[in-house]
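First the structure, in the form of structure tokens, and then the observations on it.
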Amino acid sequence: MSPQSHSEIVEADGHLIDSRLLTSVFDKVIERGASFEVLDFAIGRTNDEFSHLRLRVTAETADGLRDVLEALIPLGCHPRRHADARLAPAGDGFVPEDFYSTTNHKTQIRQGGRWLDVADQRMDAVIAVADGRAVCRKLRDIRAGEAVVCGVEGIRVVPAFQERDRLGFAFMTNDVSTERRVEVSVARVVKMMREAKADGGRIVMVAGPVVVHSGGGPYLARLVRQGWVDGLLAGNALAVHDAEHAFFGTSLGVDLEAGLAVEDGHKHHMRAINRIRRVGGLREAVAEGILTSGVMHDVITHDIPFVLAGSIRDDGPLPDTLMDLTVAQERYAEVLKDVRLVVMLSSMLHSIGVGNMLPAWVRVVCVDINPAVVTKLSDRGSAQTAGIVTDVGLFLHHLSDQIGQETRERITVEP
């Protein structure tokens, strides 16, 4: 070690080998031109026993060392010396340059010599501290004078370690493959859904219009009727084409039974929007007996919370669609509160958006014919995502059949 070098001893605990965190730690140090020395490493020998790492990290400059530590914190490393997290005052909608930007992993900060759990965990947020409580907040919600966490000291992150295939979930997340039988992947999703419900957990579906185009609408509606859906997050298009199918039997002008475009069918989605707008919205259309079938009919009939987030390309839109994206984000977050499992169905835009809102311990299943959608989720930090590359209509058909073995039409869970 040169006289001018700067070093810090960091520690990490967890399934460091199984989750490939050990090599990631070493890589982050080398990538930043620093060096490391393993002072101690004890390997966990069971599912419940963590490995322990103690590492000396050395860099040529103080700024270089700080850069390395910032990269290691999301991997579960924290300085051995226990200093309190540094707080600094925020401005109105902005914070100091060296603010700590959160991940979706469980996070703690040290204040007054004790560790505080950070509430409302999500990625790309800041940590605000007040009255002995730490919470993730979006930049736009920060107000002048609030205390926010800055720097790298006094921060501890607990990554969501890869499970040793207790539910076959780890096997599903190992790769994104088109060569796995859909029935096998669906069986694992069914098991996850049953476990979530047995524990009193909530299941939220994120769905794109391809659900309707591919013929999956009736199967998703059946899952709603059976009680497997506790929230639906989508955009304007899902509801529009669901209504179009309910009214005309088409989606984007294509007869879903015959698989053929019908004459003037391209006008059907606009006629569906007009019919809904005439009565004031989807709920009014259901109440007046105008909309009598489909996903949105069953969601409304069974009082399932739903949010439709608008975009620049939306036709209409439906009165129920939120065109203020700030409001839509907040409503999405409300539906996702305390969710146990999220199933994403062929919607890149909304799937990635929802992934950014979720803590890492929420299980996510992403179904899409395009493997790049699942890859994008992982690249954005949602590493807990299990990817199933297949036609979403086929997936929903298998899912509805397998989980439909329940004898009751509506699932009830004892408190």
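Please treat every number below as a calculation from the coordinates, not as lab data. Predicted, not measured: the structure shown is a model, and the values here were computed from it. So basically every Cβ, Gly included, is an ideal-geometry build from the backbone, and we count neighbours across all protein chains shown.
Structural remarks
- For a label point 7 Å along the Cα-to-beta-carbon line of Ile9, residues of the stretch 65-85 with backbone N under 17 Å: 77-83
- Built amide H within the under 5 Å cut-off of Ala125, gap 5+: Thr102
- Working note: Karplus 6.51/-1.76/1.60 with θ = phi - 60° gives the stretch 251-264 the couplings 9, 6, x, 9, 5, 6, 6, 8, x, 10, 5, 9, 4, 6 Hz, where Gly and Pro are set to x.
- Local net charge near Ala234, Cβ-Cβ under 11 Å (Lys/Arg +1, Asp/Glu -1): -2
- Karplus-based coupling profile of the stretch 47-58, in residue order and whole Hz: 4, 9, 9, 7, 7, 10, 10, 10, 9, 9, 10, 10, with θ = phi - 60° in 6.51 cos²θ - 1.76 cosθ + 1.60 and x standing for Gly or Pro.
- For the chain, the longest principal axis of the Cα atoms and the long axis of helix 268-279 meet at an angle of about 90 degrees.
- Phi-derived couplings, Karplus 6.51 cos²θ - 1.76 cosθ + 1.60 at θ = phi - 60°, listed residue by residue for the stretch 100-107: 7, 8, 6, 9, 8, 8, 3, 10 Hz, with x used for Gly and Pro.
- Listed residue pairs exceeding 31 Å between alpha carbons, taken from Lys267/Lys337; Lys106/Lys197; Lys191/Lys376; Lys28/Lys197: Lys267/Lys337; Lys28/Lys197
- Global form of the stretch 1-126, assessed from the alpha-carbon gyration tensor, a/c cut-off 1.5: oblate
- Relative to the longest principal axis of the Cα atoms of the chain, helix 182-198 runs at roughly 80 degrees.
- The chain: angle of helix 21-31 to the longest principal axis, Cα-based, in degrees nearest 10: 70 degrees
- Here's how it looks for Ser347: its modeled amide H is under 5 Å from those of Gly208, which are all 5 or more places away or on a different chain.
- Local electrostatic count, Val342, Cβ distance below 10 Å [Lys/Arg +1, Asp/Glu -1]: +3
- Close amide-amide hydrogen proximity is noted between Ser19 and Gln162, each under 5 Å apart and 5 or more residues distant or on a separate chain (H modeled in the peptide plane; Pro and chain starts excluded).
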